[in-house]
Amino acid sequence: MVLRHLSAVRVQRFYRRILNLRLAKKQLDAVVVIQRWMRGRLQRLWFLRLRQNVILFQRAARIYLLTQEKAATVIQAKVRSWLVYRRLVKEQNAATVIQAAWRGHVQRCKLKSRQLKTIRERLKTVNANATEDKKLCNRTTSALDFLLRCRNLSYILSALMHLDVVTRLSASCCEKIAEGSAVEILFQLIRSCNRSLPHMELIKYSTNILLNLAKYDKTVDSVWTVTGSLDTLLDLLRIYREKGETIFSKVCTLLWIFFQDPGKASVMKSNKNVMEKIKSLHYLTCRRHKMEEERKLTKARLSTTLSSSFLSSSVCSKSVISSMSVCIPHVTKTQPQIQPDWILGHKHMREFIDPVDAIVAVMNMSKNSKH
């Protein structure tokens, strides 16, 4: 009985073990299935997310490429239209030049003036006698050489006259002169001159050269940066205020050009000595002008009192009024820009002629808050 009982226990134990193994295998298979399903689900979610991102990226890339294509199309259309417009403008300008040349040729053929014939003959003679040393570049080189080496007054005056011509007619010559030490030598020459007539001629041509350089925007700094240039110009204004109106007007034009630049104007306005000298010169020049006007008015009144007829008195009074209206200085607030002489045109301003107008313009520019 005991043996049977033990056998039954063994059989039951073995059967339970088999059942447990089968159950563990089923559970293990279920776990594997659940893991596979979970991994597949996560992989599916990752794939869907990646697919959505790729779709968004492709859509943004297509939109960007489409925008670039549209922009390129617009730019190409604008460039094509601009090229066509420029070609039409060139053709129109060329046609205008051809028409103007043809009209000028026809008009010259129709004209039979002695003066025109004389001018043509003179031009032919000048062109036939033209040599290498008469070119502007060669004249610049020779004049600079004379200015740097010679001490003879006549040679220096001739060199200054050549430099005046080349700086008035050529921008490249102005740049060539500004590159070297010619501007400093001009200021040294001005400082060494006195009030004699030959030295006044030297100063006049020297100021012409400086004014021609200052009119050109690429060489104006070469005149401004010379040490003591501003003091030298103010000394010229003080010396030639009464007996050198041409030099006075040219120097005032130089200062007026300097006041056009905001940086130079701020430097000049911050210097109290410069502003006091300009105010003093303005006051003295206007007072002298006022005294001359009063003297003219007194002479005119005396002449009218000495005349007996009413007609002559009325004529004299009209002449007095006209003379007063002419001599009163008038400078507009907005002066035109001073251009170099090689820029042709009647509307361009070259320089101030009247010294009173010149100093009044400089004074107005010094008070102008815009610069």
Among the candidates LEU56, LEU83, LEU48, residue that is in a helix (DSSP H, G or I), at pLDDT 90 or above and either more than 60 Å from the chain's Cα centre (by Cα) or on the phi > 0 side of the Ramachandran plot (or both) = LEU48
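Has segment 174-181 got at least one residue that is within 25 Å of PRO355 (Cβ to Cβ) and among the hydrophobic types (A, V, I, L, M, F, W, C)? Quick ask: steps written out before the conclusion?
At the first step, the residues of segment 174-181 found to be within 25 Å of PRO355 (Cβ to Cβ) are none.
No, segment 174-181 has no match at all.
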The condition of being over 24 Å from the mean Cα position of the chain (by Cα), outside any loop (DSSP other than H, G, I, E, B) and exposed (fewer than 14 other Cβ atoms within 10 Å of the Cβ) holds, among GLU292, GLU242, only for GLU292
Of everything in segment 201-231 that's of a type in the set (Val, Ile, Thr) and more than 22 Å from the chain's Cα centre (by Cα), which residue is most open to solvent (accessible area, probe 1.4 Å)?
-> THR227
Any residue at all in segment 276-284 that is basic (Lys, Arg) and more than 37 Å from the chain's Cα centre (by Cα)?
-> no
Give the residue that is farthest from LEU236 (Cα to Cα), with candidates limited to residues of segment 189-199 that are open to solvent by less than 60 Å² (accessible area, probe 1.4 Å) and in contact with a helix residue (DSSP H, G or I) (Cβ under 7 Å, 6 or more places away or on another chain).
-> LEU189
Search result, residues across segment 169-188 that are open to solvent by less than 50 Å² (accessible area, probe 1.4 Å) and hydroxyl-bearing (Ser, Thr, Tyr) = SER170
Given (1) under 15 Å from VAL362 (Cα atoms); (2) open to solvent by 50 Å² or more (accessible area, probe 1.4 Å); (3) modelled with pLDDT of 50 or more; (4) of a type outside the set (A, V, I, L, M), CYS286 misses just (2)
Can you pull out the residues in segment 351-365 that are touching a Ser or Thr at 6+ places or on another chain (Cβ under 7 Å) and open to solvent by less than 10 Å² (accessible area, probe 1.4 Å)?
-> ALA358, ILE359
Any residue in segment 1-16 that's open to solvent by 100 Å² or more (accessible area, probe 1.4 Å): show its pairings with residues that are of a type in the set (Asp, Glu) at Cβ separation under 8 Å, as long as the two are six or more apart or on different chains.
-> none
Inspect all residues belonging to segment 101-122 and state whether any of them is open to solvent by 100 Å² or more (accessible area, probe 1.4 Å), modelled with pLDDT under 90 and assigned to a loop (DSSP other than H, G, I, E, B).
-> yes
Look at VAL183 and say whether it is among the aliphatic types (A, V, I, L, M) and either under 17 Å from THR246 (Cβ atoms) or not in a helix (DSSP H, G or I) (or both).
-> no
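The values are calculated or read from the model by the stated rules, or taken from the named source; none is laboratory data. Being a predicted model, the structure only gives us computed values, none of them experimental. Methodologically, a virtual Cβ is constructed for each residue, glycine included, from the backbone with ideal geometry; neighbour enumeration extends over all protein chains shown. Remember, those area values only see protein heavy atoms, side chains included, never the ligands or the DNA or RNA. Shrake-Rupley method; radii C 1.70, N 1.55, O 1.52, S 1.80 Å.
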